[in-house]
Amino acid sequence: MSGSTGRWPALCLAAVIATMLSACNNGAGVPGTASNNLVPPVSQGASAFGLTPEKLSPINTYPGATFGEPGMFKPKEGDTTAGGHGSKVDGIPCDKMEYLNDYHVHGYLGIVYRGKQIALPTAIGLIRPGPKDDGYVTTAGCYYFIHTHDSSGIVHVENKINLPPTATVHPWSAVFDIWGVKLTSTSFGPLKGDIRAFVGNVPQIGDVTVNSYSQIGVDDAGALKIRSHEVLWLVIDSPSIDASRLPPVTFYMEY
């Protein structure tokens, strides 16, 4: 018994030290703990923005809609500081009026980040946009030929030259440049990760649904000229999403 009693002080000291270390590891003084991080730890499969992957549902567009998680870009509405602010961008002016009766077609830009769709900002390419009417911006100080009126993903593509809707005038890179968001193989604005691009097109007149996509190069996506009823998907840091898992997009407008 005398040989064992000599170990009690050492055992007690070890227990006290372990208790102190445990308290410290759960406190604010140890780097890497939850209380010392600006962003809470993210569970397996969740994004840095706290989003968990979900099934991509079919998209039936309508004026004023929002498809995807909003507010993921800064600013939440309109162009970034690197985008268009009234001056010409890629030779595209910002005019006082829209050209609704000349060349006027529509594309769809879908963004998937870590398995979940991210919404486009309202009022890309609109300078001094007016108030929303049921989610849809109808007025602005000036309009670039390429702009968004809502967060549905629909991109309005116009030109004051009277051209048939089958014409292809502006590339997708013009959308990014007017918005002020740079696309590379590893990033799209603030969204980082491996990027793949997919495109689909159904040029028929009337309400149409695009439900078949082909993968293209990221550089090719920017150079691709926008066609009527064309859908471009940018899939970012989402290895499980391929062409077969991308949702169909139904356009509500004629072209």
Nearest-0.05 FRET efficiency for ASP220 and MET97, computed from C-beta distance (R0 25 Å): 0.15
20 Å reach of a label modelled at HIS85, 7 Å along Cα-to-Cβ, counting backbone N of segment 94-138: 94-96, 121-130
Can you list the HN-Hα couplings for segment 125-141, worked out from phi with the Karplus curve (6.51, -1.76, 1.60; θ = phi - 60°), rounded to whole Hz and with x for Gly and Pro? x, 10, 9, 6, x, x, x, 7, 10, 6, x, 10, 7, 9, 10, 6, x
Karplus-derived 3J(HN,Hα) from phi for segment 160-174 (6.51 cos²θ - 1.76 cosθ + 1.60, θ = phi - 60°), whole Hz, x at Gly and Pro, runs 7, 7, 6, 10, x, x, 7, 6, 10, 10, 10, x, 4, 4, 5
If you rank ASP79, ASP219 by fewest surrounding Cβ atoms within 10 Å, what's the result? ASP219, ASP79
Per-residue Cβ neighbour rank within 10 angstrom, fewest leading, ILE154, ILE205, ILE92: ILE205, ILE92, ILE154
Over segment 42-251, equivalent-ellipsoid semi-axes from the Cα gyration tensor in Å: 26, 19, 16
To the nearest Å, what is the center-to-center distance of segment 216-255 and segment 113-182, using C-alpha atoms only? 16
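Values quoted throughout were computed directly from the atomic coordinates according to the rules given, and no laboratory measurement underlies them. Owing to the predicted nature of the structure, the values given are computational and were not obtained by experimental measurement. Because the Cβ atoms are built from the backbone with ideal geometry, glycine has one as well, and the counts that use them run over all protein chains shown.
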